[in-house]
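Colleague: Got a structure for you, questions after.
The values are calculated or read from the model by the stated rules, or taken from the named source; none is laboratory data. Computed from a prediction, not measured in an experiment: that's the story for all the values here. Cβ: placed from backbone, ideal geometry, glycine included. Neighbour counts: every protein chain shown. The protein model used for the area step is the full one, side chains on, heavy atoms only, and it has no ligands, DNA or RNA in it. Shrake-Rupley method; radii C 1.70, N 1.55, O 1.52, S 1.80 Å.
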Amino acid sequence: MIRHIFKLIWNKKSSNFLMLLEIFLSFIVLFVSLSFVIYNYRLLNKPLGFESQDRWMVYLNDMSELDSLSRGQLKETLELELEQMDRIQQIAFGNYAAPFSGNNSISGDDSGGFLIRSKLATVDINFAETMDLQVTSGRFFDDRDYANPNYEPVIVNQFFMDKYFPEKNMIDSIIVFSGDKQIIGVIEGYRYNGEFTEEEPMMLQLGHPRDNNLGVMYIDLQPGTTAAYEEAVNKKIADIVQDESFIILNLEDQRKQNSRSTWIPIIALISICTFLCINVALGLFGILWYNINKRKGEIGLRRALGAHTTDITKQFILEIIFLTALAVILGIVFAIQVPLLKLGPLEPINLYYAIALSAAIILIIVTVCALHPSWQASKIHPAIALHDD
Amino acid sequence: MIQLENIHKVYRTKTIETTALNNINIHIKKGEFVSIMGPSGCGKSTLLNVMGLLDEPTSGKVIVADQEVANYNSKATAAFRNQTLGFIFQSFHLIPDLSVIDNVELPLLYRKVNAKQRKALAIQALESVGLKNRTGHFPNQLSGGQKQRVAIARAIVGQPDILLADEPTGNLDSVMGNEVMDILLQLNQTLNTTIVMVTHDENMAKKTHRLLRIYDGSQVA
Ligand SMILES: Nc1ncnc2c1ncn2[C@@H]1O[C@H](COP(=O)(O)OP(=O)(O)O)[C@@H](O)[C@H]1O
Ligand SMILES: [Mg+2]
């Protein structure tokens, strides 16, 4: 039976060609679209490395006019007074390389024998707790680190370790990167540019709240704190700094807003794919009905020659599935070149997922579309199908 | 071989009710070659379809090869049709996308015969209708007479006991028609195949053992 169906498909190659082409092209479009969708979906599912829920970020007013002593006092007062408030759990400070800000500081150095490139951010000792960073080995900054150690202490992310010092325990080791630095801890990750960005080598440096560049304040609030509470916080800060030019941002809102620019093309791509699938389904339906009407005589004849209704259904479904499988295999042969030849910007794993998903989607659509017409075909009464005149 | 008792067949559509067969009683013995004649629309094809278990009578009893049909849609009936009956149609009903030999192999496909044996039997059947050298052709490359001979090869490849032919020469000129008729006569004589043939041609009917005349759904002779 299987050979028979291949023969039928082969002998109708000219009329099957267009359908083959349509399925093949649909597969390619699905593959390309889904590659990007899957790439972004996988990014979305990776942890950000920090918490944005119930976190506020305050861009403080410019304090560069103040001397470092009074600046330090002002920030200390901010920290103490705010932590007194009922819904505030903790305060931390950092520089302007802040989450979702778009500000980045990048540095490279090859004096250690190979090039190390890393993003940099400066934070104070409360940053890990306030933002819920996960320290996987070593420790985070603490008071000891302010006491002028021999080497500048730094924290790096796991990605930094995997990229530059794989399979080595570097805790407390000194590396050469814009001077000697001592790695005192490793954090799981810190994708502060947003959930649709890749993890990159990241290094945290220690700053003191009194430093002029630590102009961003982070607030960890009790779960469920509403926007209404902002007014009280706003008033408190204004009272202390005697200035109205600071801005309070909700980190969760920032996260959503930051993702929106990526969600739009993803939704557009998914819509294109859906539209394409509906189109393919309708096209297939049309072709199948046409085929079955044209082949009524054949159906009646096969029944007369001893085919059972299930044989007819099976034949029509298998014909369309084999044809689809052929188109999909052809599509896979083309698509697989992208990861094999390392074409394009995406990691191969995304492409393999996209190939598998595209193939599955097309085979499912085709099978579902083929079921009803093929079943209807078997219902055609042989005596009527064979009626001459 | 074929026994029809009190067969009625009524076609009901929304607007009209057509009595295609009205109290038909026929008994055809093994090895008989019977022809059926009658004006167009009198129910000949319906009668043949009933004999071929392709159509269920409204009432009456159908016994073919000593078996009474229980369920027209069962696998057993499909298999029985495949084993016992061969069909030949006025318009040939060859599958245009299959070569001559693949068309002839069709009945064996529903019988789980292996590919090699199918091919051998199909060639043998084509040889017996004089088309051994046309196996790779497609139906549209054949003349009407050749097409009908392919259809006969297909009908006999499974060696059925009964052949049902609905105006097999209706679309053929007299030369080709006679060729086809000669093949049927020979099958009947050498293999003792029971044949029921609908025809409009008195000369062809005369060559058969027995002639049944139908008029308006009833048997008149
Ligand atoms: N499927 C059907 N539905 C309704 N009427 C039918 C159907 N098939 C045949 N008939 C009617 O039954 C009668 C006998 O038809 P048929 O057996 O094809 O006649 P013949 O083969 O003798 O020309 C005709 O009146 C025809 O119109
Ligand atoms: Mg007729």
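Colleague: Given the residues A:ASN95, A:ASN126, which is the only one that is within 15 Å of A:PHE50 (Cα to Cα), surrounded by 20 or more Cβ atoms within 10 Å (Cβ to Cβ) and not hydrophobic (A, V, I, L, M, F, W, C)? I'd like the intermediate steps shown before the answer.
Modeller: Values: A:ASN95 fails: within 15 Å of A:PHE50 (Cα to Cα).
Selected residue: A:ASN126, the only one of A:ASN95, A:ASN126 that is within 15 Å of A:PHE50 (Cα to Cα), surrounded by 20 or more Cβ atoms within 10 Å (Cβ to Cβ) and not hydrophobic (A, V, I, L, M, F, W, C).
Colleague: Checking the conditions here, which among B:GLN124, B:GLN141 is away from ligand 2 (no atom under 16 Å from the Cβ) and within 14 Å of chain A (Cβ to nearest Cβ)? It would help to see each step written out before you state the result.
Modeller: Working: B:GLN124 fails: within 14 Å of chain A (Cβ to nearest Cβ).
Of the residues listed, the single one that is away from ligand 2 (no atom under 16 Å from the Cβ) and within 14 Å of chain A (Cβ to nearest Cβ) is B:GLN141.
Colleague: Listed residues A:TYR353, A:TYR290; which is free of Cβ contacts under 8 Å to residues at least 12 places away in the same chain, among the hydroxyl-bearing types (Ser, Thr, Tyr) and away from ligand 1 (no atom under 16 Å from the Cβ)?
Modeller: Values: A:TYR353 fails: free of Cβ contacts under 8 Å to residues at least 12 places away in the same chain.
Result: A:TYR290 is the single residue among A:TYR353, A:TYR290 that is free of Cβ contacts under 8 Å to residues at least 12 places away in the same chain, among the hydroxyl-bearing types (Ser, Thr, Tyr) and away from ligand 1 (no atom under 16 Å from the Cβ).
Colleague: Identify, from the list B:ILE36, B:ILE88, B:ILE28, the residue that is surrounded by 15 or more Cβ atoms within 10 Å (Cβ to Cβ), over 22 Å from B:ASN6 (Cβ atoms) and not charged (D, E, K, R). Step through it out loud before you land on a result.
Modeller: Numbers: B:ILE36 fails: over 22 Å from B:ASN6 (Cβ atoms); B:ILE28 fails: over 22 Å from B:ASN6 (Cβ atoms).
Of the residues listed, the single one that is surrounded by 15 or more Cβ atoms within 10 Å (Cβ to Cβ), over 22 Å from B:ASN6 (Cβ atoms) and not charged (D, E, K, R) is B:ILE88.
Colleague: With (1) crowded, with 18+ Cβ neighbours inside 10 Å; (2) within 17 Å of B:GLU32 (Cα to Cα); (3) within 16 Å of ligand 1 (Cβ to nearest atom) as the list, and B:ILE162 as the residue in question, which single condition is left unmet?
Modeller: (3)
Colleague: Still on this model: Within the bounds of the range B:116-128, is there any residue that is in a helix (DSSP H, G or I) and either within 26 Å of B:GLY41 (Cβ to Cβ) or in contact with a Pro (Cβ under 7 Å, 6 or more places away or on another chain) (or both)?
Modeller: no
Colleague: Would you call A:ILE329 in the same structural domain as A:ILE38 (by TED's automatic domain parsing), more than 16 Å from ligand 2 (Cβ to nearest atom) and buried (at least 19 other Cβ atoms within 10 Å of the Cβ)?
Modeller: Against the criterion (in the same structural domain as A:ILE38 (by TED's automatic domain parsing), more than 16 Å from ligand 2 (Cβ to nearest atom) and buried (at least 19 other Cβ atoms within 10 Å of the Cβ)), A:ILE329 does not qualify.
Colleague: Within 14 Å of another protein chain (Cβ to nearest Cβ), open to solvent by 20 Å² or more (accessible area, probe 1.4 Å), touching a residue at least 40 places away in the same chain (Cβ under 8 Å) and in a helix (DSSP H, G or I) - does that describe any residue in the range A:361-376?
Modeller: Checking the range A:361-376: at least one residue is within 14 Å of another protein chain (Cβ to nearest Cβ), open to solvent by 20 Å² or more (accessible area, probe 1.4 Å), touching a residue at least 40 places away in the same chain (Cβ under 8 Å) and in a helix (DSSP H, G or I).
Colleague: Restricting to the range B:102-112, and then to whatever is over 14 Å from A:ALA304 (Cβ atoms) and crowded, with 18+ Cβ neighbours inside 10 Å, can you tell me which residue is farthest from the other protein chains (Cβ to nearest Cβ)?
Modeller: Looking at the filtered set, the residue picked out is B:VAL104.
Colleague: What are the residues in the range B:150-169 that are assigned to a helix (DSSP H, G or I) and either under 13 Å from A:ALA304 (Cα atoms) or within 10 Å of chain A (Cβ to nearest Cβ) (or both), if any?
Modeller: The first filter runs over the range B:150-169 and keeps only residues assigned to a helix (DSSP H, G or I), leaving B:150-156.
Within the range B:150-169, B:ALA151, B:ARG154, B:ALA155 qualify.
Colleague: Going through the range A:14-31 one residue at a time, which ones are without any contact (Cβ under 8 Å) to a residue 40 or more places away in the chain and either within 14 Å of A:ILE270 (Cα to Cα) or within 10 Å of chain B (Cβ to nearest Cβ) (or both)?
Modeller: Once the filter is applied, which keeps residues that are without any contact (Cβ under 8 Å) to a residue 40 or more places away in the chain and either within 14 Å of A:ILE270 (Cα to Cα) or within 10 Å of chain B (Cβ to nearest Cβ) (or both), the range A:14-31 yields only A:SER15.
Colleague: I need the full set of residues from the range A:354-389 which are within 16 Å of ligand 2 (Cβ to nearest atom) and aliphatic (A, V, I, L, M), in order please.
Modeller: Hits for the range A:354-389 are A:ALA383, A:ILE384, A:ALA385, A:LEU386.
Colleague: Output the strands (runs of 3 or more DSSP E) that fall wholly within the range B:23-101 and possess 1 or more residues being more than 14 Å from chain A (Cβ to nearest Cβ), or say none.
Modeller: B:33-37, B:59-64
Colleague: On the basis of being within 28 Å of the chain's Cα centre (by Cα) and assigned to a helix (DSSP H, G or I), does A:ILE248 make the cut?
Modeller: Criteria not met by A:ILE248.
Colleague: If A:SER105 meets every condition in (1) among the polar types (S, T, N, Q); (2) surrounded by 14 or more Cβ atoms within 10 Å (Cβ to Cβ); (3) in contact (Cβ under 8 Å) with a residue 60 or more places away in the chain apart from one, which number is that one?
Modeller: Going through (1) among the polar types (S, T, N, Q); (2) surrounded by 14 or more Cβ atoms within 10 Å (Cβ to Cβ); (3) in contact (Cβ under 8 Å) with a residue 60 or more places away in the chain one by one, A:SER105 breaks only (3).
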